[in-house]
Structure formats: structure tokens, C-alpha cells
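The values are calculated or read from the model by the stated rules, or taken from the named source; none is laboratory data. Given the structure is predicted, the values throughout are model-derived calculations rather than measurements. No Cβ is skipped: glycine too gets one built from the backbone with ideal geometry, and neighbour counts run over all protein chains shown. Please note that ligands, DNA and RNA were not included when accessible areas were found on the heavy atoms of the full protein model with its side chains. Shrake-Rupley method; radii C 1.70, N 1.55, O 1.52, S 1.80 Å.
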Amino acid sequence: MLDKKIIEEMIETAIEMTKMSYTPYSNFKVGAALLAKNGQIFKGCNIENAGYTPSNCAERTAFFKAVSEGVKEFEAIAVVGGQNGVLTELAAPCGVCRQVMMEFCEPKEFKIIMATDKENYKIMTLEELLPMGFGPANLA
Ligand code: THU
């Protein structure tokens, strides 16, 4: 159950993770907190690279950490981001991250919490952010 207490904890964790963000090129700092169905929270930040394309978003960092530890069932993710780590606007996951979510999450159920702080957030499902997404079911 995604109650207010867990939503607030996830947002706080995502905000904390912007401090780990490695962004010498964009200086756009993103933090994520991914809630697994087993209750574990996996943290992520964006990690940039001088080669640009190897850069990884905060959301994917969190997903890959979880999957690499054997956890593949998820309930929700909180995402925050802003230039210089200043969180003024909601930061929506990029298309690549939405596709990674599509691999492991049920589009109608998985929730994406976009926040600037604990009081200001918007929750959307993966299906809303990625309508008619292509996923494992298409290859079954
Ligand atoms: N970024 C994320 O971490 N997540 C997103 O969903 C959007 C973009 C990062 C990638 C890059 O390090 C910086 O934000 C600017 O694009």
C-alpha cells in the first residue's frame, strides 16, 4: 500500500540522493527511490560520463541496483531533479527510463511519484506516462 508515510519517505530519499548525483556536464541533479513489493527501497542518482552516451539516469540506476540484487517486482518510484540540485519543477522520467520500467512493472499499477518536496508531488501510473508501451507481454 502506498500510504502518505511511505510516499514521504520515498520523496525524502530521492531528495537525499541528488547529493550523490555525478553531473559534471549538465549539473542537472536527479535522485530516485524505488519501492519494491517486498518493502525494500532502492536508491539511485544520475551518473554522467565524458562520453555523454554512457550516462545513466537516476531511475535506471535504482532499477539496475534492484535487479542485480535479485529484486524484480516493484510498486512505485519517486523522482526529483533540478539544475544545481534546486528542485523547482516536477521532473518526469525520460523515455528510456519509462521503457526500463515497462520491462519490470505492470503499467496500470506501477506509480511514478514526481516531486519537488514532501508537500508538492504528482502521482501518475506508468500507463499514463507510456501509453501503449511495448513490453515483455508483446513477445510472449
Ligand atoms: N536524467 C535523469 O537522471 N532522469 C531522467 O529521467 C531525466 C534525465 C539525467 C540525465 C542527465 O544526467 C541529466 O539528467 C540531464 O539530462
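Points to keep in mind about this one:
- Radius 15 Å from Cβ of GLY85, net charge of other residues (Lys, Arg +1; Asp, Glu -1): -3
- Protein heavy-atom accessible surface, 1.4 Å probe, per residue over the range 1-106: 51 Å².
- Where only DSSP H runs of four or more residues are counted, the chain gives -8000 deg cm²/dmol as its mean residue ellipticity at 222 nm, each run worth -39500 (n - 2.57).
- The alpha carbon radius of gyration of the range 1-82, expressed as a multiple of 2.2 N^0.38 Å, is 1.08.
- Pair-distance distribution P(r) for the chain, from all Cα-Cα distances in 5 Å bins starting at 0: 2, 11, 22, 24, 21, 13, 6, 2, 0 percent.
- Sites listed here are trypsin sites (Lys or Arg not before Pro) in the range 28-121 whose DSSP assignment is loop and whose Cβ has at most 15 other Cβ atoms within 10 Å: LYS37, LYS72, LYS108, LYS118.
- By a 1.4 Å probe calculation restricted to protein chains, PHE64 has an accessible surface near 100 Å², given to the nearest 10.
- In sequence order, calculated HN-Hα J values of the range 133-140 (Karplus, 6.51, -1.76, 1.60; Hz; x Gly/Pro): x, 8, x, x, 4, 5, 9, 7
- Taken over the range 1-108, lysine pairs spaced eight or more positions apart, or on distinct chains, with alpha carbons under 14 Å apart number 5.
- Size estimate for the range 68-140 follows the Kirkwood approach: the inverse of mean 1/r over distinct Cα pairs works out to 13.2 Å.
- Relative contact order computed over the range 33-131 (Cα-Cα under 8 Å; 6+ residues apart), in percent: 23
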